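One structure is given below, encoded as structure tokens.
The values are calculated or read from the model by the stated rules, or taken from the named source; none is laboratory data. Note that the structure is predicted; figures quoted are calculated from it, not measured. Heads up, the Cβs are rebuilt from the backbone with ideal geometry, glycines too, and the neighbour counts pull from every protein chain shown. Remember, those area values only see protein heavy atoms, side chains included, never the ligands or the DNA or RNA. Shrake-Rupley method; radii C 1.70, N 1.55, O 1.52, S 1.80 Å.
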Amino acid sequence: MPSFPHPQQAQREDLAALRRRIVEMERLSGLPDGPARPRLSLGGALDEVLGGGLARDALHEAFPAEKGNAAAVLGFALALAAGTRKPVLWVRQDMAALEGGDIYGPGCAAFGLDPSRLILVAATDAADTLGAAEEALGHGALGLVVAEPWGSPRLIDPVSYTHLTLPTN
């Protein structure tokens, strides 16, 4: 009879394999690694876990452990957006806006993000959402690109996530 690893052990092994793959991809990218790579400090224990903070000029994925907690991830993205002086492109799939509500300019301002720097793009499906964000990533004029698809599109695995790209300022 075959022996199967405990689910938590399998998850740890999958995560370790993913981390090794990311390190290899970063090595092949030609970007500096380790302390030489520009980072955005998040403070305390988070910086320690992330090797000094979030890497700049890198793609990050943030997604809630549970579908109902997407607002926390969006709040994190908003905090990152408020920390840049450049324009912020936020691409939202239409259904994400319907489910999560519209982005409210005065609320962004109260959070520290000048709404005049926020460029909102509405997309009809996950492919358009990710395609628009991918296109925007090639433009150095942006301080942050956020892609907000909805549901469980076949193009991606997580239930709901947000892509965050932090260029060097």
Residue match in segment 152-163 (condition: surrounded by 15 or more Cβ atoms within 10 Å (Cβ to Cβ), at pLDDT 80 or above and touching a strand residue (DSSP E or B) at 6+ places or on another chain (Cβ under 7 Å)): no
Residue in segment 72-85 that is at pLDDT below 80, open to solvent by less than 60 Å² (accessible area, probe 1.4 Å) and not in a loop (DSSP other than H, G, I, E, B) present: no
Segment 113-149, subset in contact (Cβ under 8 Å) with a residue 40 or more places away in the chain and over 17 Å from E61 (Cα atoms), residue most open to solvent (accessible area, probe 1.4 Å): A141
Filtered residue count, segment 58-71, keeping only those that are surrounded by 15 or more Cβ atoms within 10 Å (Cβ to Cβ) and part of a loop (DSSP other than H, G, I, E, B): 3
Residue in segment 46-57 that is most open to solvent (accessible area, probe 1.4 Å), counting only those that are more than 22 Å from G112 (Cβ to Cβ) and part of a loop (DSSP other than H, G, I, E, B): D57
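Can you name the residue in segment 86-112 that is aromatic (F, W, Y) and not in a helix (DSSP H, G or I) and is also most open to solvent (accessible area, probe 1.4 Å) among such residues?
Y104
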Qualifying residue in segment 119-127 (condition: over 23 Å from G151 (Cβ atoms), of a type outside the set (S, T, N, Q) and part of a strand (DSSP E or B)): yes
Test for E134: is it part of a helix (DSSP H, G or I), over 14 Å from the mean Cα position of the chain (by Cα) and at pLDDT below 90: no
Hits in segment 76-109 - residues which are under 23 Å from G131 (Cα atoms), free of Cβ contacts under 8 Å to residues at least 12 places away in the same chain and small (G, A, S): G101
Candidates G53, G68, filtered to the one that is modelled with pLDDT of 70 or more, within 24 Å of L142 (Cα to Cα) and not hydroxyl-bearing (S, T, Y): G53
Pairs, first among the polar types (S, T, N, Q) in segment 38-64, second not in a strand (DSSP E or B), C-beta under 9 Å, six or more apart: S41/D47; S41/G52; S41/G53
